[in-house]
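Asks: Provided herewith is a single structure, encoded as structure tokens, for subsequent inquiry.
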Amino acid sequence: MLKNLLYKIEKLRNGELEGFNVLKEHIQSLDEFQYQQIIDRLKFQIEIVEKYNPKVRPAIDPVVSTELGIYRRLDDFEVGKLLNYPECCIKSFVEEVRISIDRDHLKEVEEMKDNLKNKGIYAIVLPSGFIPCSLRCEEAIKRGYIGYLNKEEFDKILKLEKELKEKIRHWHFGYEDYYEKIIL
């Protein structure tokens, strides 16, 4: 998943990817140093993540996200498309102005909790910053943005997150963790 993001960023920089007018202009306007920092940091994150092969991809390095303009909300639909989020989740985020895991998500957890626990599920995990339309969104699950994890898979996510925090330092105060974790 992160490799696909890297590919798209490189194609946008070269003007070879259509459908991202706002992001293409922004990425092409970055000076060479900024652009190379994004690429190098993302490649390093990919290298770390590939060692773990997690069921759920982590959030993107906050420095990369910031430089890409994600937090500036340049165009939420383009950003969602760039990150390969399901269209239903993008629409929910933009049209319903969902900026965090909310009451509706927590209600879903309560509804699913007993059934998931009976199946050996320990936690529901998402990349930090990804707000799904539903914790049951099949497309988000299929794409690796929502994971129902057993204890072993969850522990693997914690190890990955720890390594990312240690090796990819950042200053972003919005999130320290690379994953949102809902323990059942």
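The values are calculated or read from the model by the stated rules, or taken from the named source; none is laboratory data. This is a predicted model, so every value here is computed, not measured. Cβ placement follows ideal geometry from the backbone for every residue including glycine, while neighbour counts extend to all protein chains displayed. SASA here: full protein model, heavy atoms, side chains in, ligands and nucleic acids out. Shrake-Rupley method; radii C 1.70, N 1.55, O 1.52, S 1.80 Å.
Asks: Which pairs have Cβ atoms under 7 Å, sit 6 or more apart or on different chains, and link a residue in the stretch 23-39 that is within 19 Å of K81 (Cα to Cα) to one that is exposed (fewer than 13 other Cβ atoms within 10 Å of the Cβ)?
Replies: Between residues of the stretch 23-39 that are within 19 Å of K81 (Cα to Cα) and residues that are exposed (fewer than 13 other Cβ atoms within 10 Å of the Cβ), the close pairs are K24/G15; Q28/G15.
Asks: Would you pick out the residues in the stretch 13-22 that are aliphatic (A, V, I, L, M) and touching a residue at least 40 places away in the same chain (Cβ under 8 Å)?
Replies: V22 - this is the single residue of the stretch 13-22 that is aliphatic (A, V, I, L, M) and touching a residue at least 40 places away in the same chain (Cβ under 8 Å).
Per-residue answers, yes or no, for (1) more than 17 Å from the chain's Cα centre (by Cα); (2) open to solvent by 90 Å² or more (accessible area, probe 1.4 Å):
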position: I60; (1), (2): no, no
position: D76; (1), (2): no, no
position: P86; (1), (2): no, no
position: I90; (1), (2): no, no
position: V94; (1), (2): no, no
position: V97; (1), (2): yes, yes
position: L106; (1), (2): yes, yes
position: K113; (1), (2): yes, no
position: G120; (1), (2): yes, no
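Asks: Another question, if that's okay. Here is a check on your reading of the model: is S128 in contact (Cβ under 8 Å) with a residue 24 or more places away in the chain, surrounded by fewer than 17 Cβ atoms within 10 Å (Cβ to Cβ) and under 22 Å from Y175 (Cα atoms)?
Replies: When the stated conditions are applied, S128 does not pass them.
Asks: Is it the case, given these coordinates, that G144 is open to solvent by less than 10 Å² (accessible area, probe 1.4 Å) and at positive phi?
Replies: Judged against the criteria, G144 is a match.
Asks: Further question on the same structure: Among (1) crowded, with 20+ Cβ neighbours inside 10 Å; (2) within 13 Å of the chain's Cα centre (by Cα), where does L68 come up short?
Replies: Unmet condition: (2).
Asks: Filter the stretch 1-46 down to residues that are of a type in the set (A, V, I, L, M), within 20 Å of E163 (Cβ to Cβ) and open to solvent by 50 Å² or more (accessible area, probe 1.4 Å), then give me how many there are.
Replies: Within the stretch 1-46, residues that are of a type in the set (A, V, I, L, M), within 20 Å of E163 (Cβ to Cβ) and open to solvent by 50 Å² or more (accessible area, probe 1.4 Å) number 1.
Asks: Between K51, K24, K91, which is of a type in the set (K, R), on the phi < 0 side of the Ramachandran plot and modelled with pLDDT of 95 or more?
Replies: When all the criteria are applied, what remains is K51.
Asks: Tally time: how many residues in the stretch 51-79 are in a loop (DSSP other than H, G, I, E, B) and acidic (D, E)?
Replies: Here the count works out to 2.
Asks: Considering every residue within the stretch 152-168, establish whether at least one is among the aromatic types (F, W, Y) and in a loop (DSSP other than H, G, I, E, B).
Replies: Looking for residues that are among the aromatic types (F, W, Y) and in a loop (DSSP other than H, G, I, E, B), one finds none in the stretch 152-168, hence no.
Asks: For a quick check of your reading of the model, give me the residue pairs whose first member lies in the stretch 75-95 and is under 16 Å from R143 (Cβ atoms), whose second is among the acidic types (D, E), with beta-carbon atoms closer than 6 Å and at least 6 apart or on different chains.
Replies: P86/E139
Asks: Which condition from (1) closer than 23 Å to G147 by Cα; (2) free of Cβ contacts under 8 Å to residues at least 24 places away in the same chain is the one that K55 breaks?
Replies: (2)
Asks: With the requirement that a residue be closer than 15 Å to R169 by Cα and touching a residue at least 40 places away in the same chain (Cβ under 8 Å), what does the stretch 59-69 give you?
Replies: A59, I60, D61, P62, V63, S65, T66
Asks: Considering Y85, Y35, which residue is of a type in the set (F, W, Y), at negative phi, part of a helix (DSSP H, G or I) and out of contact with any Pro (no Cβ under 8 Å at 6 or more places or on another chain)?
Replies: Y35
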